[in-house]
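J.: Supplied in structure tokens, the structure appears directly below.
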Amino acid sequence: MSISTLRGYVSQINPPDRTAVERARFRLDGLAKPPGSLGRLEDIAATLAGISGEMFYDAGKRCVIIMSSDNGVVEEGVASAPQAVTYAQTVNFTRGITGVAAIAKQFNTDLIVVDVGINAEVDHPLVLNKKIRKSTWNIARRDAMTHDEAVQAILIGIETAENAVRNGYRLIGAGEMGIGNTTTSSAVLCGLTGLPAEDATGKGAGLKDEAYRHKIEVIQAALKRSKPDPEDPIDVLAKVGGFDIAALAGVFIGGAHMKVPVVIDGFISMVAALAAYKLSPLAKEYMFASHASGEQGFAHAASALGVTPCLNLNMRLGEGSGCPIMFAVIDAACAAMRGMGTFEQADIGEEYLNEIKGGGNFTVAKHPAAGGAGK
């Protein structure tokens, strides 16, 4: 696995089918409803058409890919939980007793759990062993990983996403587990955007004020020491990131390469999506933002990526927990697109349309490429 392999994947990502988007918009405008009244569900349906080239997206099987890894920066006292929780929760994903597992079960979503750098021996049949090594190094003292390791982590994410698609998954969510990864995510956000550490950094799982101030100082020191290049996302990931963040960036690239939508979860997932976008701007065309994380840096990361979450649930758990809920929203968009009738099918005349269009000339078009309900 090499940088040339990664560049090959990036170069093969194609833009969505704009003609399919236009056809989808035409159909949406002709459905028996006030124009635009389904709001962002209409945007989702049209985007899915562009991704797939098909009027009606087959959401089918869905999964959340969870990248688990430890972070050497926990040595600095920046996390409220012990590092052993990374291993424990990774196993608990397979037992179905974590937050994301419970929500995923409710929404018919599978979990793909991957060890990319847990600081323990993991021998579990339901945890994919892609360990690069046990934990990154402490970013306060040295770079988190080598450049080659960062590339390796990204390629692991690409491979995992592509294998998921080959196994029939049509919706992918991006989740993570790793004590200390709000610190590394904040550092990556700063490295990619130049944002001050105090703006990019939150309290994570619940730091007290003194520890929170120390967390900001650790990030500031790491950035000052390593001087990551904001124009080189691999350099940023290698110097102040984590294996989990780099691997999730690969998941977004892999999904785009395979023309399958990938759902962003919370803060860490959003930062990974931003890194993927910096590597491949076209990858953004295949991303859906689920919920607005309560973590402080989230809004800055979302703004830098140029996406707006669909949900605001005051969630900040991570793990990919927002993804299955977003899958349900995507299902709703697909159901409306596929199941609603047109004005013509609903026997609603143009007089009604003239009323809702303010008396303007609005004609029920019959576009031969727009398809019919239920097809």
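J.: Tally up the residues in region 153-185 that are among the acidic types (Asp, Glu) and either under 16 Å from residue 273 (Cβ atoms) or open to solvent by 10 Å² or more (accessible area, probe 1.4 Å) (or both), please.
T.: Within region 153-185, residues that are among the acidic types (Asp, Glu) and either under 16 Å from residue 273 (Cβ atoms) or open to solvent by 10 Å² or more (accessible area, probe 1.4 Å) (or both) number 2.
J.: Could you list all residues from region 263-289 that are under 23 Å from residue 14 (Cα atoms) and among the small types (Gly, Ala, Ser)?
T.: Correct list: 269, 272, 273, 275, 276, 280, 283, 289.
J.: Need the failing condition index for residue 85 against (1) touching a residue at least 40 places away in the same chain (Cβ under 8 Å); (2) within 20 Å of residue 262 (Cα to Cα); (3) open to solvent by 30 Å² or more (accessible area, probe 1.4 Å), just the number.
T.: (2)
J.: Only one residue in 251, 271, 307 is of a type outside the set (Ser, Thr, Tyr) and part of a loop (DSSP other than H, G, I, E, B), so which one is that?
T.: 307
J.: State all residues of region 274-303 that are surrounded by 23 or more Cβ atoms within 10 Å (Cβ to Cβ), part of a loop (DSSP other than H, G, I, E, B) and in contact with a strand residue (DSSP E or B) (Cβ under 9 Å, 6 or more places away or on another chain); if no residue qualifies, say none.
T.: Selection gives 290 alone.
J.: Only one residue in 57, 9 is open to solvent by less than 40 Å² (accessible area, probe 1.4 Å), of a type outside the set (Val, Ile, Thr) and under 25 Å from the mean Cα position of the chain (by Cα). Which one?
T.: When all the criteria are applied, what remains is 57.
J.: If only one of 334, 310, 323 is in contact with a Lys or Arg (Cβ under 7 Å, 6 or more places away or on another chain) and within 17 Å of residue 40 (Cβ to Cβ), which one is it?
T.: When all the criteria are applied, what remains is 310.
J.: Can you pull out the residues in region 137-154 that are under 10 Å from residue 239 (Cα atoms), assigned to a helix (DSSP H, G or I) and in contact with a strand residue (DSSP E or B) (Cβ under 9 Å, 6 or more places away or on another chain)?
T.: none
J.: Could you tell me how many of the residues in region 188-212 are small (Gly, Ala, Ser) and in a loop (DSSP other than H, G, I, E, B)?
T.: Matching residues across region 188-212 total 5.
J.: Which one is nearest to residue 171 (Cα to Cα) among residues in region 111-131 that are out of contact with any Asp or Glu (no Cβ under 9 Å at 6 or more places or on another chain) and part of a loop (DSSP other than H, G, I, E, B)?
T.: 126
J.: Moving on to the next point. So which pairs qualify, if the first residue must be in region 154-167 and more than 16 Å from residue 115 (Cβ to Cβ), the second must be open to solvent by 10 Å² or more (accessible area, probe 1.4 Å), the Cβ gap must be under 6 Å, and the two must be at least 6 apart or on different chains?
T.: Hits for this filter: 158/9; 162/258; 165/258.
J.: What number of residues within region 1-28 are of a type in the set (D, E, K, R) and touching a residue at least 24 places away in the same chain (Cβ under 8 Å)?
T.: 4
J.: So which residues in region 194-203 are open to solvent by 10 Å² or more (accessible area, probe 1.4 Å) and out of contact with any His (no Cβ under 7 Å at 6 or more places or on another chain), if there are any at all?
T.: 194, 196, 198, 203
J.: Let me ask something else about it. Just checking, which of 33, 134, 61 is touching a residue at least 60 places away in the same chain (Cβ under 8 Å), in a loop (DSSP other than H, G, I, E, B), within 22 Å of residue 157 (Cα to Cα) and out of contact with any Ser or Thr (no Cβ under 8 Å at 6 or more places or on another chain)?
T.: From the options 33, 134, 61, the qualifying one is 134.
J.: Follow-up question, since we're still on this one. Just one of (1) free of Cβ contacts under 8 Å to residues at least 60 places away in the same chain; (2) closer than 30 Å to residue 54 by Cα; (3) open to solvent by 50 Å² or more (accessible area, probe 1.4 Å) trips up residue 259, so point out which.
T.: Of everything listed in (1) free of Cβ contacts under 8 Å to residues at least 60 places away in the same chain; (2) closer than 30 Å to residue 54 by Cα; (3) open to solvent by 50 Å² or more (accessible area, probe 1.4 Å), residue 259 misses just condition (1).
The values are calculated or read from the model by the stated rules, or taken from the named source; none is laboratory data. If you're wondering where the values come from, they're calculated on a predicted model, not measured in any experiment. Heads up, the Cβs are rebuilt from the backbone with ideal geometry, glycines too, and the neighbour counts pull from every protein chain shown. We work out accessible area using only protein heavy atoms, side chains counted, and drop any ligands, DNA or RNA first. Shrake-Rupley method; radii C 1.70, N 1.55, O 1.52, S 1.80 Å.
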